[in-house]
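Heads up, the thing below is written out as structure tokens.
The values are calculated or read from the model by the stated rules, or taken from the named source; none is laboratory data. All values derive from a computational prediction rather than experimental measurement. Because the Cβ atoms are built from the backbone with ideal geometry, glycine has one as well, and the counts that use them run over all protein chains shown. Areas reflect the complete protein model, heavy atoms only, side chains present, ligands, DNA and RNA absent. Shrake-Rupley method; radii C 1.70, N 1.55, O 1.52, S 1.80 Å.
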Amino acid sequence: MHRFDTLAVHAGDAPDPTSGALDPPLVTSSAFAFESAADAAARFREGTGYVYSRWRNPTVDALEAKLAALEGAEGAVALASGMAAIHAALTASLAAGDHVVASERLYAETVRLLVEHFGRFGVAVDFVDATRADALAAALRPSTRVVYLETPANPTLAITDLAAARAAAPAATIVVDSTFATPYHQRPLELGADLVIHSTTKFLSGHGDVVGGVVLGDAARVEAVRRVGVRTAGAAPSPWAAMLVARGLRTLGLRMQRASASALELATRLEAHPAVERVLYPGLPSHPDHAVAARQMRGGFGALLAFEVAGGRAAGAQCYDTLDVITRAVSLGDVRSLITHAASTTHASLTPAQRAAAGIGEGLLRLSVGIEDVEDLWADLEQALSSCG
Ligand SMILES: *Cc1c(COP(=O)(O)O)cnc(C)c1O
């Protein structure tokens, strides 16, 4: 088995047998011709060969092979977005009357999906502090089917110990949203997770030019997700999007290595800056979950960090508004560095007290570090901090 960077370049990319093309052809066809009634019947029956692009498509197949190789998974199913991937993984795993134990630090749309959508179909959910395996174990019921986790988690970069979660919930299907880590830094399946999810919109495609998602795991579970999420519910990715995600994946290792090294450097400098109250980065010894992150992540701690500007909301907003190289935008995992002010965007619907309880100060800024020169990023942060300090 080849190593990560070799797989990123080559997995799923055998030369096209008809033309010899090195890059997998972009097949946009919605349907595929049959030789005969017998051929059509065989493809329908066996689920092999191509029939219709909502079911399977060669460009999407090539992407799935590359994603599975990088995650060390038996199977992968690509979907139209990260949220489509989460919806499909949960739909395949749950039925009315089932119970979910979820981390209280989840992507906000995932919380809405669990509470507002699955709640209407008779699925109960409890949110717990997943950094504590005892809290997770205490929330389990006989009807608990799924434990849903996200690590590192937005925006405080809280880390869930996945091996401890597996030990605490041996019978549940453990689903991990690993978007912030990417398979370069973290492989949840090796730590006992059953299904891994990525929003491929983020680091995996890496260029901020496509929306997509993936679910990975053993072949049987992934097939169940594919059947409902893609074939029946129809959240298939477009072949155009699949091509862009596959192109981005070929440089994933290079991009993560650069961005993670820059994130550690910026986090270290920010922590020493007088205008900064605190820095949250799993690679800093001051992060509450640093020891777990050091055990379960590898090759670095990822490209996301958060910092609290002294002086509260006004100072945070002032610093945010003064940035020049670093772009004010949602999303993350782009080659461009992107920054969000949690209190005015992702966590604006919470009261200041609720934000405080979630560890989110009014001046908290979340930075997704890109691949620009780290000295230009630091110069930008320094000039912005001098304007608000
Ligand atoms: C962006 C994101 C999602 C949702 O993915 P989309 O591709 O936007 O649908 C889910 N989880 C995490 C952690 C994310 O960052």
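Considering only beta bridges that DSSP places wholly inside the chain, some 55 percent are antiparallel.
Of D39, D376, which has the most accessible area and how do the rest follow, probe 1.4 Å? If you can, show how the numbers build up before the last one.
Working: D39 35, D376 90 Å².
I get D376, D39, largest accessible area first.
Label-to-label distance for S286 and E116 is 3.7 nm, based on points extended 7 Å past Cα in the beta-carbon direction.
Per-residue 3J(HN,Hα) values for the stretch 158-174, derived from phi via the Karplus relation 6.51 cos²θ - 1.76 cosθ + 1.60 with θ = phi - 60°, read 4, 10, 9, 6, 6, 5, 5, 5, 4, 5, 6, 10, x, 9, 7, 7, 9 Hz in sequence order (x marks Gly and Pro).
Normalising the average separation of contacting C-alpha pairs (under 8 angstrom, six or more residues apart) by the number of residues puts the relative contact order of the chain at 16 percent. Our note on the geometry: Cα centres of the stretch 330-356 and the stretch 123-149, 26 Å apart.
Compute the FRET efficiency between A353 and T327 as 1/(1 + (r/R0)^6), taking r as their Cβ-Cβ distance and R0 = 35 Å, and round to the nearest 0.05.
Details: r = 31 Å, r/R0 = 0.87.
Step by step, r from the Cβ atoms, then E = 0.70.
Taking amide H atoms as placed 1.01 Å from N in the peptide plane, the amide H of A102 lies under 5 Å from those of D126, F127, V128, Y148, each 5 or more residues away in sequence or on another chain. Once the Cα-Cα distance is subtracted from the 0.36 nm per residue extended length, the V51 to Q257 segment shows a gain of 70.2 nm.
The calculated FRET efficiency for the pair A95 and D373, based on their C-beta separation and a Förster distance of 45 Å, comes to about 0.30. Here the gap between A294 and W240, fully extended at 0.36 nm per residue and compared with their Cα-Cα distance, gives a gain of 15.7 nm. The 1.4 Å probe gives accessible areas that order T131, T156, largest first, as T131, T156. With both labels modelled 7 Å from their Cα along Cα-to-Cβ, the A41 to R132 distance reads 6.3 nm.
With a/c under 1.5 counting as rounded, go ahead and sort the stretch 1-103 into rounded, prolate or oblate using the C-alpha gyration tensor (a ≥ b ≥ c being the square roots of the eigenvalues; past the cut-off, prolate if a/b is larger than b/c, else oblate). Don't jump to the answer; show the numbers that get you there.
Working: a/c = 2.45, a/b = 1.23, b/c = 1.99.
Oblate is the answer for the stretch 1-103, as a/c is 1.5 or above yet b/c matches or exceeds a/b.
Let me make sure I get this right: for the stretch 131-196, a, b and c are the square roots of the gyration tensor eigenvalues over alpha carbons, sorted descending. Under 1.5 in a/c it's rounded, otherwise prolate if a/b > b/c, else oblate. Which is it?
Working: a/c = 2.06, a/b = 1.51, b/c = 1.36.
Prolate.
Spin-label model, D13/S30: points 7 Å from Cα along the beta carbon direction are separated by 3.1 nm.
Over the chain, average the accessible area per residue using a 1.4 Å probe and give it in Å², no decimals. If you can, show how the numbers build up before the last one.
Numbers: 15960 Å² over 389 residues.
Ligands and nucleic acids excluded, the result is 41 Å² per residue.
For E277, the amide hydrogen comes within under 5 Å of the amide hydrogens of E308, V309, A310, counting only partners 5 or more places away or on other chains and with H modelled in the peptide plane.
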